[in-house]
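Beneath this line is the structure, given in structure tokens, with notes to follow.
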Amino acid sequence: MVSAALEELATNSGLEARGAVFTRSAVVEFILDLVGYTVDRPLHEMRLLEPSFGAGDFLLPSVRRLLSAWQARKEASAGASDLTHAIRAVELHRETFRSTHAALVALLASEGFDSPTATLLADAWLVQSDFLLVPLGSPFDFVVGNPPYVRQELIPAPLLAAYRREFKTIYDRADLYVPFIERSLLALSKGGSVGFICSDRWMRNRYGRPLRKLVAEEFHLKVYVDMVDTPAFHSDVIAYPAITIISREPPGATRIAHRPAVDRPTLTALAKALRAPSLPKDAGQVRQLAGVTNGFDPWLLESSEHMALIRRLEQYFPTLEEIGCKVGIGVATGADKAFIGNYDALDVEADRKLPLVTTKDIVSGEVKWHGQGVINPFMEGGRLVQLQDYPRLRRYLEARRHVIASRHCARKAPASWYRTIDRISPALASTPKLLIPDIKGYAHVVFEGGKLYPHHNLYYVTSEIWDLRALQAVLLSALTRLFIATYSTKMRGGFLRFQAQYLRRIRIPHWAAVPDALRAELVQAAERVDLEACSLAAFKLYGLSKEERSALGGHGV
């Protein structure tokens with residue numbers, strides 16, 4: 001079954017299934033500089049691995065560097081056999097393999113190799129196979145590339161099962177690039193380096209936990225370059241890319257740069273600063289931080305002042321949920337057109353529908369309900385209702401059965417075909433709550449008094465202990481944005497993900513420890529939606545020093 005799955009991917013898969021994204025040449029040269037694969041070194045005596053060579057974006061420039069270094073050092077008696085072990089490059093897709101093999105042979109011919117020798121070297125260097133399963137041989141001094149970005153749902157089940165047996169970092173919903181990074185790291189020789197450009201999500205989110213722990217315990221994150229909103233690739237990509245240089249050596253400080261211009265002169269100068277033995281005084285945008293990797297923890301890549309503040313707050317204050325708040329997400333139905341509509345027009349029994357709040361209802365910063373409702377097929381205890389007990393609901397659902405029953409969750413459990421993906425708890429509608437949209441450039445936190453049920457594109461926070469208006473002020477403050485910006489994956493245009501996993505990392509004092517005057521100040525700031533007043537009150541709440549306040553934008557003294 002694994003062989004059949006590999007054959008399918010090798011012959012028929014398109015770009016999406018293969019996770020193929022093509023990297024601009026200036027970025028490729030930058031990564032080769034960063035890992036130290038440079039012509040002033042005896043590259044023919046070293047080994048380079050390219051895990052997924054595709055059209056040769058990394059492979060061909062690497063070969064050019066190898067040949068330049070070899071030509072400058074070879075003796076008159078030296079032959080091409082000196083080079084046969086210098087490169088190992090893997091590609092699964094057969095047509096792509098053949099095309100790039102031909103391009104490599106042509107490159108070698110242009111460099112003066114006769115046809116048999118060029119073919120011999122290409123055959124020695126290139127392997128048509130699955131990088132995650134193919135034997136690799138002796139360790140490598142360099143691993144470079146752009147690993148495939150493939151969601152688990154696109155990986156054939158037998159193949160995914162084989163990967164899970166081999167790689168401990170495939171956790172939760174980890175994408176394919178995660179085990180690619182694991183195997184690349186473990187293939188390094190002592191002192192060797194991996195230089196990849198790929199999505200930055202694993203550095204902060206849940207599925208990256210085991211890989212972060214591996215890096216923290218056994219490797220050194222030497223360089224991190226944020227490439228979001230830069231033209232790093234030949235096509236537009238949804239992923240939020242970053243370049244990382246990770247070496248097999250004791251952990252140490254990390255050099256960091258953000259969103260450089262993608263041109264060769266800029267990147268050449270930046271690589272020099274990032275690789276310098278000590279950070280130059282004129283390093284410009286380059287910063288150096290210690291302690292970026294820390295076990296399973298998300299990587300903190302902000303300024304040292306922000307890192308110090310976050311660490312202090314995490315040391316002295318509990319999380320939102322530890323002080324009695326609940327963080328959740330609204331209902332996903334799997335078929336909104338069937339389950340959601342105008343509340344008054346939903347022709348079901350009165351207790352089988354709930355008024356629904358969506359992002360459109362809270363754009364202004366206050367709830368302005370547009371009259372939507374959601375069908376509720378659940379009883380208060382969480383069980384599905386019996387349709388024979390609700391003739392109007394049954395008639396409504398049966399009229400839309402072709403849409404509802406075609407969902408994945410319905411096909412898995414045909415007897416429960418009319419359930420929503422998420423269980424609906426009617427009591428949540430009548431519970432006062434704070435509503436927070438997922439994607440925003442700033443905190444957008446809206447108080448809802450307990451009349452509406454949240455849709456899936458809204459996160460919510462409830463509390464029976466903290467005053468929700470006071471809590472709203474804290475969540476609207478610069479401190480909350482610092483927490484989210486520190487742990488959230490960054491999106492284009494500077495937008496952040498205000499997801500539950502990041503909201504749960506926010507630290508906050510116990511309500512009983514908040515003085516009455518400060519409680520009132522927080523509530524008043526939230527009711528006025530005065531963001532500066534919210535921040536000032538939050539600074540008092542956390543006891544921030546003048547320097548810490550200044551690091552967050554200089555609010556007050």
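The values are calculated or read from the model by the stated rules, or taken from the named source; none is laboratory data. As the structure is a prediction and not an experimental result, all values here were calculated from the model. Because the Cβ atoms are built from the backbone with ideal geometry, glycine has one as well, and the counts that use them run over all protein chains shown. SASA here: full protein model, heavy atoms, side chains in, ligands and nucleic acids out. Shrake-Rupley method; radii C 1.70, N 1.55, O 1.52, S 1.80 Å.
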Keeping all protein chains in place, calculate the accessible area per residue for segment 270-315 (probe 1.4 angstrom), answer in Å².
52
Relative contact order of segment 31-171: what whole-number percent is it, with Cα pairs under 8 angstrom and at least 6 residues apart?
33
Could you give the accessible area per residue of segment 1-132, probe 1.4 Å, as a whole number in Å²?
42
Within segment 267-299, report the trypsin sites (Lys or Arg not before Pro) that DSSP leaves as loop and that have at most 16 other Cβ atoms within 10 Å.
K281
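Of all DSSP beta bridges located in the chain, what percent are antiparallel, nearest 5?
If I count the DSSP bridges inside the chain, around 65 percent turn out antiparallel.
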Under 29 Å from K281, Cα to Cα: lysines that are on another chain or at least 8 residues apart:
K222, K272, K490, K546
Could you rank the peptides 244-253, 335-344 by their average count of other C-beta atoms within 10 Å per residue, with the highest value first?
244-253, 335-344
Residue-normalised accessible area of segment 405-557, expressed per residue, 1.4 Å probe, Å²:
42
Quick one: plug the Kirkwood hydrodynamic radius of segment 383-493 (C-alpha pairs) into Stokes-Einstein at 4 °C, 1.567 mPa s, and report D in µm²/s.
76
Using a Förster distance of 45 angstrom, determine the FRET efficiency expected from the C-beta separation of A261 and R392, and round it to 0.05.
0.15
Keeping the other protein chains in place, figure out the carbon and sulfur percent of the accessible area of segment 33-178, with a 1.4 Å probe.
51
Cα gyration tensor shape for the chain, rounded if a/c is under 1.5, else prolate or oblate:
oblate
Give me the three principal axis extents of segment 323-370 from the C-alpha atoms, as integers in angstrom, largest value leading.
40, 25, 21
Cα-only Debye scattering, segment 24-180: base-10 log of I(q)/I(0) at q = 0.15, 0.19 Å⁻¹:
-0.82, -1.21
Which of rounded, prolate or oblate describes segment 108-243 when judged by the alpha-carbon gyration tensor and an a/c cut-off of 1.5?
prolate
Cross-link list K168/K190; K337/K433; K360/K451: which exceed 19 angstrom alpha carbon to alpha carbon?
K168/K190; K337/K433
What number, rounded to the nearest 500 deg cm²/dmol, is the helix-based mean residue ellipticity at 222 nm of the chain, given -39500 (n - 2.57) per DSSP H run of at least four residues and division by all its residues?
-10000 deg cm²/dmol
A405 versus E111: modelled label distance in nm, points set 7 Å from Cα along the beta carbon direction
6.3
With the full set of protein chains in place, find how many percent of the accessible area of segment 242-305 is carbon and sulfur; take the probe as 1.4 Å.
54
Cα point-scatterer Debye curve for segment 296-392, base-10 log of I(q)/I(0) at q = 0.18, 0.24 Å⁻¹:
-0.94, -1.28
